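Novice: I'd like to ask some things about the structure below.
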Amino acid sequence: GAVVSQHPSRVICKSGTSVKIECRSLDFQATTMFWYRQFPKQSLMLMATSNEGSKATYEQGVEKDKFLINHASLTLSTLTVTSAHPEDSSFYICSARDDRDTQYFGPGTRLTVL
Amino acid sequence: QKEVEQNSGPLSVPEGAIASLNCTYSDRGSQSFFWYRQYSGKSPELIMSIYSNGDKEDGRFTAQLNKASQYVSLLIRDSQPSDSATYLCAVSSSNTGKLIFGQGTTLQVKP
């Protein structure tokens with residue numbers, strides 16, 4: 001299957017700092033990538049849809065100024081959590097969609113905000 | 001009615017048995033259906049995709065799709081303890097292209 005990478009896998013930061021997470025599709029081009037968040041023992045929650053060369057589409061209740069998404073190429077999307085606070089601590093997972101409508105997930109980034 | 005419904009389980013089967021996981025969906029226009037496996041603390045991993053009615057087999061896994069009944073299932077033959085995980089049924093929305101997930105079924109395979 002296709003491979004999607006995420007970096008970093010784990011990050012601990014102080015409250016008020018910004019954190020950037022990278023998502024790369026390694027062996028296919030993805031015009032559309034997705035960003036999810038998952039809290040312990042809860043379901044995946046879609047945060048936003050990232051489209052190459054255009055603005056991201058955010059789900060209801062997700063602050064676009066807090067979660068900045070950039071999809072600059074067909075293989076790279078980034079999520080920046082700005083002015084992070086402890087309540088932003090979560091497991092952030094990206095996915096990339098191929099031309100058969102299949103989403104492949106990255107390994108996730110565990111964010112802890114102190 | 002939820003858009004994608006799964007029994008949350010846990011579904012417990014003995015090692016070597018067949019595990020049967022079921023899923024129903026409400027969007028009649030959906031064309032793409034997926035099963036993902038998620039281990040605790042890890043991200044989802046694609047197990048099977050299925051797009052047309054009938055069965056699709058890949059190793060120990062068989063996905064079954066019945067669009068008329070709006071039903072998708074996953075059979076795992078010769079279940080192993082390493083198959084113990086949460087299995088997510090996902091359906092691609094015909095309106096938005098986003099994946100709609102079921103709440104997941106927890107499978108426990110006992111040695």
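Novice: Taking Rh as the Kirkwood radius computed over C-alpha pairs, what is the Stokes-Einstein D of chain B at 20 °C in a medium of viscosity 1.002 mPa s, expressed in µm² per second? Spell out each step's value before the answer.
Specialist: Details: Rh = 13.9 Å.
After rounding, the answer is 154 µm²/s.
Novice: Taking the highest mean first, how do the peptides B:6-12, A:100-106 order by number of other beta carbon atoms within 10 angstrom per residue? Write out the running numbers ahead of the final one.
Specialist: Numbers: B:6-12: 14.7, A:100-106: 20.7.
Going from most to least packed, we get A:100-106, B:6-12.
Novice: Debye calculation, C-alpha points only, no solvent: report log10 I(q)/I(0) for segment A:15-114 at q = 0.22 Å⁻¹, in the same order as the q values.
Specialist: The calculated log intensity ratios at q = 0.22 Å⁻¹ are -1.16.
Novice: If a paramagnetic tag sat 7 Å from the Cα of A:Ser15 along the Cα-Cβ line, which residues of segment A:80-100 would have the backbone N under 13 Å from that point?
Specialist: Only A:84-89 pass the distance filter.
Novice: Please compute the contact order of chain A in relative form: average sequence separation of alpha-carbon pairs under 8 Å and at least six residues apart, divided by the residue count, as a percent.
Specialist: Details: 286 pairs, mean separation 41.9, N = 114.
Relative CO of chain A lands at 37 percent.
Novice: Let me ask something additional. Once you average over the residues of B:33-43, how many Cβ atoms of partner chains fall within 10 Å of each Cβ?
Specialist: Numbers: counts 1, 3, 0, 4, 0, 4, 0, 2, 5, 5, 16.
Per residue, the number of nearby Cβ atoms from other chains is 4 on average.
Novice: Hey, any idea what Rg/Rh is for segment B:16-60, computing Rh the Kirkwood way over Cα pairs? Write out the running numbers ahead of the final one.
Specialist: On the way: Rg = 12.6 Å, Rh = 12.8 Å.
Here the Rg-to-Rh quotient is 0.99.
Novice: Going by C-beta contacts inside 10 Å, put B:Ser82, A:Ser50, A:Ser43, B:Ser73 in order with the fewest on the left.
Specialist: Values: B:Ser82 8, A:Ser50 26, A:Ser43 13, B:Ser73 18.
Ranking B:Ser82, A:Ser50, A:Ser43, B:Ser73 by Cβ neighbours within 10 Å, fewest first, gives B:Ser82, A:Ser43, B:Ser73, A:Ser50.
Novice: Please compute the modelled spin-label separation between B:Ala17 and A:Glu52, points set 7 Å along Cα→Cβ, answer in nm with one decimal.
Specialist: 4.7 nm
Novice: A further question on this structure: With respect to the cross-link table entries A:Lys20/A:Lys64; A:Lys20/A:Lys55; A:Lys41/B:Lys110; A:Lys66/B:Lys42, which display a Cα-Cα separation exceeding 20 Å?
Specialist: Details: A:Lys20/A:Lys64 14 Å; A:Lys20/A:Lys55 17 Å; A:Lys41/B:Lys110 22 Å; A:Lys66/B:Lys42 25 Å.
Too far apart for the 20 Å limit: A:Lys41/B:Lys110; A:Lys66/B:Lys42.
Novice: Could I have the simple spin-label model distance between B:Lys2 and B:Asp78, label points 7 Å from Cα toward Cβ, reported in nm to one decimal?
Specialist: 3.2 nm
Novice: In a shell of Cβ-Cβ distance under 14 Å around B:Cys23, excluding B:Cys23 itself, what net charge do Lys and Arg (+1) and Asp and Glu (-1) give? Spell out each step's value before the answer.
Specialist: Values: positive: B:Lys2, B:Arg37, B:Lys67; negative: B:Glu3, B:Glu5, B:Asp27.
Summing Lys/Arg as +1 and Asp/Glu as -1 gives 0.
Novice: What are the equivalent ellipsoid semi-axes of segment A:1-55, built from the alpha-carbon gyration tensor (square roots of five times its eigenvalues), in whole angstrom, biggest first? Could the numbers behind the result be given before it?
Specialist: Details: eigenvalues 95, 45, 38 Å².
After scaling each eigenvalue by five and taking roots: 22, 15, 14 Å.
Where a number appears in this text, it was derived from the coordinates with a stated rule and is not lab data. As the structure is a computational prediction, the values presented were derived from the model and not from experiment. Note that each Cβ is placed from the backbone with ideal geometry, even for glycine, and that neighbours are counted across all protein chains shown.
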